[in-house]
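S.K.: Have a look at the structure that comes next, please.
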Amino acid sequence: MSFPRYPDYKDSGVEWLGEVPGHWATPPLYLRYSVELGKMLDSSRITGDHLVPYLRNVDVQWGRINFDDLPEMDIEESEYGRYTVAPGDLLVCEGGEVGRAAIVPERSGTIGFQKALHRLRALADDEHPAFMYFVLSWAALRGVFSQSGLSTIAHLTGEQLRKYRFPKPPIPEQVQIAAFLDRETGKIDTLVAEQQNLIALLKEKRQALISHAVMKGLDPDVRMKDSGMAWLGEVPAHWRVCALRRAIAEIEQGWSPDCHARPAEAGEWGVLKAGCVNGGKYRPTENKALPSELLPDESYCVEVGDVLMSRASGSPDLVGSTALVRETPGRLMLSDKIFRLRLEIDVDPAFFVAMLNARALRAQIEQALSGGNGLANNLPQSNLLAFVCALPPEEEQIAIAARLNRDIEGLDQLMAEAESTISLLIERRTALISAAVTGKIDVRHLAVASADRTPEPA
């Protein structure tokens, strides 16, 4: 769909905004909204006679606010005007994903907000919070707020926020633009959700294929036996049930020096991050450049045929992710968060990787992480070597790995196409919001949705 432009434009006077329609204004935010930073959480005030639930940064996501199971703090009634929210207020994140915002919906009861949030409250009736919500969405995605911070962790102070000059159309136009974006982004969000559901189904099917093949084999008529392990169940009678130490000849960990916060460039050495094996796929781009003043340890250089496993991660679901290096550029080293597993001569690497990513082994990894030895999402070598598996003869391992490679190739292609579609939809959504709130397109004649509707997540 093509959209018309406004008949005339003018320089907004704001470098990162550029031109806006001739009849729009760009006053500083302090002339439009009061900006109040939330109350500092005082450990001495988590009990008292005036306890009220309060919102944290994490409770404010794009377009939605979590009101479930909120913590409480003591707020005197005399402080309500400053530290509580009302329907129609905008809450804006001061740190983390700076600028993330949501509108407070109609709700009964007194709700406070913590210092990690700014509350924006319109000063006059010529402001439509839903329009400002989309403006903040555009500004955050464009990186407007991060430009003001000098530290590596961006924070948006009230003083900075008040000075920003954002587009301000006449109030009827704000309502029309917000209604248009509410409707159109809602359509895009529905399409994105459909693609995400498809990916989830494909991942589940992929996991089921892998788990069945590496636990049951390819012959549906093969004689089975009880493995003696609840998470393995029955396995083919001729398979060997054993601890992983019988399949792993050696475990090696790498080196984690202080590196640059960027990937290595051509000719540079890099150190692989733990995420280089997420999802069972090797991603060599997940690395950090080694500073030139540090000498690389070439014994840690990753080679084709290596089996790599993430031993530590911020997410427990990613600990134990294992991948086979089928191709890799040179000059990439192991970090100490990655195991390089040297396998016994009768263990096929492709089969072993599939087995480690199957449900039976994942169950053992999760159990290890929930115990005392797996604190901080770390998988000790001793736990790994004690895991139980079922190994077929080497020729059968190779046949199973080959079948899996064929079967999951189509699923991987479908997932890649769905992910590409999501990326295109998100780009379209971002471009639509940007064009509408900056006046690059005129959507007044297309706005038919209710002006009072709360916008969908950005």
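The values are calculated or read from the model by the stated rules, or taken from the named source; none is laboratory data. Because the structure is predicted, anything quoted here is derived from the model rather than measured. Glycine gets a Cβ as well: all are built from the backbone with ideal geometry, and neighbour counts include every protein chain shown.
S.K.: Restricting to region 208-239, name every residue that is at pLDDT 90 or above, surrounded by 18 or more Cβ atoms within 10 Å (Cβ to Cβ) and in a loop (DSSP other than H, G, I, E, B).
M.R.: Across region 208-239, the qualifying residues are GLY217, SER227, TRP239.
For every residue, the table says whether it meets (1) of a type in the set (A, V, I, L, M); (2) modelled with pLDDT of 90 or more; (3) surrounded by 15 or more Cβ atoms within 10 Å (Cβ to Cβ); (4) outside the structural domain of VAL35 (by TED's automatic domain parsing).
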residue: HIS50; (1), (2), (3), (4): no, no, yes, no
residue: ILE75; (1), (2), (3), (4): yes, no, yes, no
residue: TYR83; (1), (2), (3), (4): no, yes, yes, no
residue: GLY99; (1), (2), (3), (4): no, no, yes, no
residue: PRO105; (1), (2), (3), (4): no, yes, no, no
residue: GLY112; (1), (2), (3), (4): no, yes, yes, no
residue: HIS118; (1), (2), (3), (4): no, yes, yes, no
residue: LEU123; (1), (2), (3), (4): yes, yes, no, no
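S.K.: How many residues does region 1-48 contain that are of a type in the set (S, T, N, Q), at pLDDT 95 or above and loosely packed, with under 12 Cβ neighbours inside 10 Å?
M.R.: 0
S.K.: Is it the case, given these coordinates, that PRO257 is surrounded by 14 or more Cβ atoms within 10 Å (Cβ to Cβ) and either out of contact with any helix residue (DSSP H, G or I) (no Cβ under 6 Å at 6 or more places or on another chain) or farther than 26 Å from VAL325 by Cα (or both)?
M.R.: Against the criterion (surrounded by 14 or more Cβ atoms within 10 Å (Cβ to Cβ) and either out of contact with any helix residue (DSSP H, G or I) (no Cβ under 6 Å at 6 or more places or on another chain) or farther than 26 Å from VAL325 by Cα (or both)), PRO257 qualifies.
S.K.: Restricting attention to region 229-246, which residues are within 14 Å of PRO392 (Cβ to Cβ) and in contact (Cβ under 8 Å) with a residue 24 or more places away in the chain?
M.R.: If the condition is that a residue be within 14 Å of PRO392 (Cβ to Cβ) and in contact (Cβ under 8 Å) with a residue 24 or more places away in the chain, then LEU232, VAL235, PRO236, HIS238, TRP239, ARG240, VAL241, CYS242, ARG246 are the ones that fit.
S.K.: Inside region 314-329, can you point out the residues that are in contact with a strand residue (DSSP E or B) (Cβ under 7 Å, 6 or more places away or on another chain), farther than 16 Å from PHE387 by Cα and part of a loop (DSSP other than H, G, I, E, B)?
M.R.: Hit for region 314-329 is VAL325, nothing else.
S.K.: So ALA358 passes all but one of these: (1) closer than 21 Å to ALA230 by Cβ; (2) touching a Cys at 6+ places or on another chain (Cβ under 7 Å). Which condition number does it fail?
M.R.: For ALA358, the exception is condition (2).
S.K.: Mind checking which residues of region 197-207 are at pLDDT 95 or above and among the polar types (S, T, N, Q)?
M.R.: Within region 197-207, just ASN197 meets the criteria.
S.K.: Could you list, in sequence order, the residues of region 220-236 that are under 40 Å from the mean Cα position of the chain (by Cα) and of a type in the set (D, E, K, R)?
M.R.: Within region 220-236, GLU234 is the sole residue that qualifies.
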